[in-house]
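Q: Got a structure here, written out as structure tokens. Questions coming.
The values are calculated or read from the model by the stated rules, or taken from the named source; none is laboratory data. Owing to the predicted nature of the structure, the values given are computational and were not obtained by experimental measurement. All Cβ positions, even for glycine, are placed from backbone atoms using ideal geometry, and neighbour counts span all protein chains on display. The accessibility values were calculated without ligands, DNA or RNA, using every heavy atom of the protein model including side chains. Shrake-Rupley method; radii C 1.70, N 1.55, O 1.52, S 1.80 Å.
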Amino acid sequence: MDVRLQISMVFHLDKCIGCHTCSIACKNVWTDRKGAEYMWWNNVETKPGTGYPTAWEDQGKYKGGWEQKNGGKPELKMGKRSSRLLNIFHNPALPRMDDYYEPFTYKYEDLFDSPEGADQPTARPISMVTGKFMDIEAGPNWDDDLGGSPVYAKNDPNLEGLTPEQRQELFDVERLVFFYLPRICNHCLNPGCVAACPSGAIYKRGEDGVVLINQEVCRGWRMCVSACPYKKTYYNWSTGKSEKCILCFPRLETGQAPACFHSCVGRIRYLGGLLYDADRLVDSLKVDDTNLVDAHRDLILDPRDPVVRANAKKNGIDERTLEAIERSPVYRYVKEWKLALPLHPEFRTLPMLFYVPPLLPVMAKTEDGVYDAANEELFSPIDKARLPIQYLASLFSAGNTDHVSYALRKQYAVRMFKRLETVGDVDTAVVRQALAECGMDEAEAEAIYRLTSLPTMDERVVIPPSHREEAMAMLDDNMWEQKGSAGFGFREAPARGA
Ligand code: SF4
Ligand code: SF4
């Protein structure tokens, strides 16, 4: 057993209001500079939709992530190292500027400096690439709230598994349904970006699993941009290097939540440590798609298990860190309650950002073809939901509807349980049955309710202590050299992934 620590995240999608405050917080802190204008390390998409960059989920086009072939080790979809090197000067599997958008600002001076006249002055848009006037035709959230849905939402790759009738229902005006999907780098356990980099510039920090690009080593080959199936590395045209979300590690090291977590208006973001067994990582990727979520969960270890604790200590994970992991809200959502699921596990990067699938759009049902939120049953059956379970399963469980269905039923049971307690207009027997069907007792329902609805910042974000002083003491004289390839705390970059 090779026990490692990973800083992990949960986003509770029922709570996201699509305000983009997280994106702006990240932009102001990290990407408000030359060459990074078009980058949104944190972005928020409307689903169904094609997202940012356009159709990033379409790996037929972008060749991101890993493929499982004949029960062997997964291989990068971009091909073997030799074929990747052959394409090094011409890599066609890259998003172009049109797939992101042409960054723009406005000529604000005209509002103040225009001569007096009969018309109000306007600030015309200017390209931040050419400096010339332009017509804005795209943006990072161009399809917000189903804006332009025939162009965007209808081309969502996750709709492929739905029947024509289901698709049609989804876009009937009376039944339109959408939710928000905030995205950052998943700080994966088997990151495609790390494996694809010909310069060895990308590494996973030994002490907490944060994935970083060493700017001194990066040569701008952009293989990471193709290999990341989530399109969460970006090329800076000004520096000639690639960049990505750093999970605000300078904030984490000083005990502060990342900027997007700190600023989140809906308080949807949870962060905490997880322990996992690196020895079982490759085997967990060899299973077929329907079993990927279970295999992913099995990698995560119980921090209270004495054997796990002993092996964690052998790897330099100390008592105070283990105490923090015991309080990890991510462990509760992912492992204990099985409510949070990985985004597109079939990409096989083992993403360590998990999502609680949204119940809100499935709460209302259709009756005689009309959307009805105030039906007699109060909590309408999930199977008659406006948003087909298959759609959510395509996003969060590689098509296995059981995982999504369980997470929704459990949230539904918690709501009924609280409704009985606070309003009292639900049948007690029905509530008991709903809890029993999910194998949940009242204490667990109450705990889920509290961590979902009333958590303090300290409960949402539990950052394990970084112990930099110990990590530095463990290193030899070549500390700075080591830092750019393995982080502090390990003498060699840990071998990770397939
Ligand atoms: S999401 Fe995963 S593969 Fe993509 S940049 Fe982050 S760590 Fe790398
Ligand atoms: S700040 Fe929070 S609620 Fe607002 S869009 Fe971002 S994740 Fe959603």
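Q: Tell me which residues, restricted to the range 116-169, are within 22 Å of GLY35 (Cβ to Cβ) and hydroxyl-bearing (Ser, Thr, Tyr).
A: The answer is SER127, THR130.
Q: What number of residues within the range 45-60 are open to solvent by less than 40 Å² (accessible area, probe 1.4 Å) and either part of a loop (DSSP other than H, G, I, E, B) or within 16 Å of ligand 1 (Cβ to nearest atom) (or both)? Working first, answer last.
A: First, the residues of the range 45-60 that are open to solvent by less than 40 Å² (accessible area, probe 1.4 Å): 45-53, 55-57, 59.
Subset that is either part of a loop (DSSP other than H, G, I, E, B) or within 16 Å of ligand 1 (Cβ to nearest atom) (or both): 45, 48-53, 55-57, 59.
Selection size over the range 45-60: 11.
Q: Now, a different point. Answer with yes or no whether TRP66 is within 25 Å of ARG269 (Cα to Cα) and of a type in the set (A, V, I, L, M, F, W, C). Full working, then the answer.
A: Details: within 25 Å of ARG269 (Cα to Cα): no; of a type in the set (A, V, I, L, M, F, W, C): yes.
No; evaluated as a whole, the condition is false for this residue.
Q: What do you reckon, is THR50 polar (S, T, N, Q), modelled with pLDDT of 85 or more and farther than 30 Å from ASN291 by Cβ?
A: Values: polar (S, T, N, Q): yes; modelled with pLDDT of 85 or more: yes; farther than 30 Å from ASN291 by Cβ: no.
Against the criterion (polar (S, T, N, Q), modelled with pLDDT of 85 or more and farther than 30 Å from ASN291 by Cβ), THR50 does not qualify.
Q: Something else about it: Considering the range 357-401 alone, what residues qualify as being under 14 Å from LYS47 (Cα atoms), at pLDDT 90 or above and either among the basic types (Lys, Arg) or not in a helix (DSSP H, G or I) (or both)?
A: Across the range 357-401, the qualifying residues are PRO357, PRO358.
Q: Just need a number here: residues in the range 95-135 that are open to solvent by less than 90 Å² (accessible area, probe 1.4 Å) and without any contact (Cβ under 8 Å) to a residue 12 or more places away in the chain.
A: Final tally of qualifying residues: 5.
Q: Kindly indicate the residue of the range 242-253 that is charged (D, E, K, R) and open to solvent by 30 Å² or more (accessible area, probe 1.4 Å) and also nearest to ARG33 (Cα to Cα) among those meeting that condition.
A: So the first thing to find is which residues in the range 242-253 are charged (D, E, K, R), and the list is 243-244, 251, 253.
Remaining after also requiring open to solvent by 30 Å² or more (accessible area, probe 1.4 Å): 251, 253.
Numbers: ARG251: 20, GLU253: 24 Å.
Here the residue is ARG251.
Q: Can you name the number of the only condition in (1) more than 15 Å from the chain's Cα centre (by Cα); (2) part of a helix (DSSP H, G or I); (3) away from ligand 2 (no atom under 16 Å from the Cβ); (4) modelled with pLDDT of 95 or more that HIS262 fails?
A: Result: HIS262 passes all but (3).
Q: Also: Anything in the range 265-283 that is within 17 Å of the chain's Cα centre (by Cα) and near ligand 2 (Cβ under 10 Å from one of its atoms)? List them, or say none. Walk me through how you get there before you give the answer.
A: Filtering the range 265-283 down to residues within 17 Å of the chain's Cα centre (by Cα) leaves 266-274.
Those that are within 17 Å of the chain's Cα centre (by Cα) and near ligand 2 (Cβ under 10 Å from one of its atoms): GLY266, ARG267, ILE268, ARG269.
Q: Among ASP294, ASP289, ASP305, ASP298, which is more than 14 Å from the chain's Cα centre (by Cα), open to solvent by 50 Å² or more (accessible area, probe 1.4 Å) and under 27 Å from CYS224 (Cα atoms)?
A: Values: ASP294 fails: under 27 Å from CYS224 (Cα atoms); ASP305 fails: under 27 Å from CYS224 (Cα atoms); ASP298 fails: under 27 Å from CYS224 (Cα atoms).
Going through ASP294, ASP289, ASP305, ASP298 in turn, the sole match is ASP289.
Q: State yes or no: is LYS63 open to solvent by 40 Å² or more (accessible area, probe 1.4 Å), farther than 27 Å from CYS16 by Cα and within 25 Å of the chain's Cα centre (by Cα)? Working first, answer last.
A: Details: open to solvent by 40 Å² or more (accessible area, probe 1.4 Å): yes; farther than 27 Å from CYS16 by Cα: yes; within 25 Å of the chain's Cα centre (by Cα): yes.
When the stated conditions are applied, LYS63 passes them.
Q: Scan the range 281-318 for residues that are within 24 Å of LEU247 (Cβ to Cβ) and at pLDDT below 95 and jot them down.
A: Hits for the range 281-318 are LEU281, SER284, LEU285, ALA312, ASN315, GLY316, ILE317, ASP318.
Q: Among the candidates CYS185, CYS224, CYS193, single out the residue that is closer than 16 Å to PRO53 by Cβ and within 16 Å of ligand 2 (Cβ to nearest atom). Working first, answer last.
A: Details: CYS224 fails: within 16 Å of ligand 2 (Cβ to nearest atom); CYS193 fails: within 16 Å of ligand 2 (Cβ to nearest atom).
Testing whether each residue is closer than 16 Å to PRO53 by Cβ and within 16 Å of ligand 2 (Cβ to nearest atom) leaves just CYS185.
Q: If you don't mind, there's one more thing I want to ask. In contact (Cβ under 8 Å) with a residue 24 or more places away in the chain, surrounded by fewer than 19 Cβ atoms within 10 Å (Cβ to Cβ) and within 16 Å of ligand 1 (Cβ to nearest atom): does that describe ALA278? Give the derivation first.
A: On the way: in contact (Cβ under 8 Å) with a residue 24 or more places away in the chain: yes; surrounded by fewer than 19 Cβ atoms within 10 Å (Cβ to Cβ): yes; within 16 Å of ligand 1 (Cβ to nearest atom): yes.
Judged against the criteria, ALA278 is a match.
Q: OK, next. With the requirement that a residue be surrounded by fewer than 23 Cβ atoms within 10 Å (Cβ to Cβ) and in a loop (DSSP other than H, G, I, E, B), what does the range 66-82 give you?
A: Initial filter on the range 66-82 (surrounded by fewer than 23 Cβ atoms within 10 Å (Cβ to Cβ)): 67-77, 79-82.
Result: GLN68, LYS69, ASN70, GLY71, GLY72, LYS73, PRO74, LYS77, GLY79, LYS80.
Q: Of all residues in the range 158-194, how many are within 16 Å of ligand 1 (Cβ to nearest atom) and touching a Ser or Thr at 6+ places or on another chain (Cβ under 9 Å)?
A: So the first thing to find is which residues in the range 158-194 are within 16 Å of ligand 1 (Cβ to nearest atom), and the list is 181-194.
Narrowing the set further to residues that are touching a Ser or Thr at 6+ places or on another chain (Cβ under 9 Å) leaves 181-182, 185-193.
Number of matching residues: 11.
Q: Within the range 148-182, how many residues are away from ligand 2 (no atom under 16 Å from the Cβ) and open to solvent by 20 Å² or more (accessible area, probe 1.4 Å)? If you could, list the steps in order and put the result at the bottom.
A: Kept after step one, since they are away from ligand 2 (no atom under 16 Å from the Cβ), are these residues of the range 148-182: 148-177.
Subset that is open to solvent by 20 Å² or more (accessible area, probe 1.4 Å): 148-152, 154-155, 157, 160-161, 163-169, 171-176.
Adding up the residues that qualify gives 23.
Q: Right, something else. Among the residues of the range 83-94, how many are outside any loop (DSSP other than H, G, I, E, B) and either in contact (Cβ under 8 Å) with a residue 60 or more places away in the chain or open to solvent by 80 Å² or more (accessible area, probe 1.4 Å) (or both)? Let's see the steps before the verdict.
A: Taking the range 83-94 and keeping what is outside any loop (DSSP other than H, G, I, E, B), we get 83-86.
Still in the list and also either in contact (Cβ under 8 Å) with a residue 60 or more places away in the chain or open to solvent by 80 Å² or more (accessible area, probe 1.4 Å) (or both): 84-86.
Of the residues in the range 83-94, 3 are outside any loop (DSSP other than H, G, I, E, B) and either in contact (Cβ under 8 Å) with a residue 60 or more places away in the chain or open to solvent by 80 Å² or more (accessible area, probe 1.4 Å) (or both).
Q: Which residues, counting only those in the range 445-456, are touching a Phe, Trp or Tyr at 6+ places or on another chain (Cβ under 9 Å) and surrounded by fewer than 19 Cβ atoms within 10 Å (Cβ to Cβ)?
A: Once the filter is applied, which keeps residues that are touching a Phe, Trp or Tyr at 6+ places or on another chain (Cβ under 9 Å) and surrounded by fewer than 19 Cβ atoms within 10 Å (Cβ to Cβ), the range 445-456 yields GLU446, ALA447, TYR449, PRO455.
Q: Further question on the same structure: Under 6 Å between Cβ atoms, at least 6 apart or on separate chains: pull out the pairs that start in the range 33-53 with a residue that is more than 16 Å from ligand 2 (Cβ to nearest atom) and end on any residue that is open to solvent by 10 Å² or more (accessible area, probe 1.4 Å) and part of a loop (DSSP other than H, G, I, E, B).
A: Correct list of pairs: LYS34/SER238; GLY35/TRP237; GLY35/SER238; GLY35/THR239; GLU37/MET128; THR50/TYR152; PRO53/PRO95.
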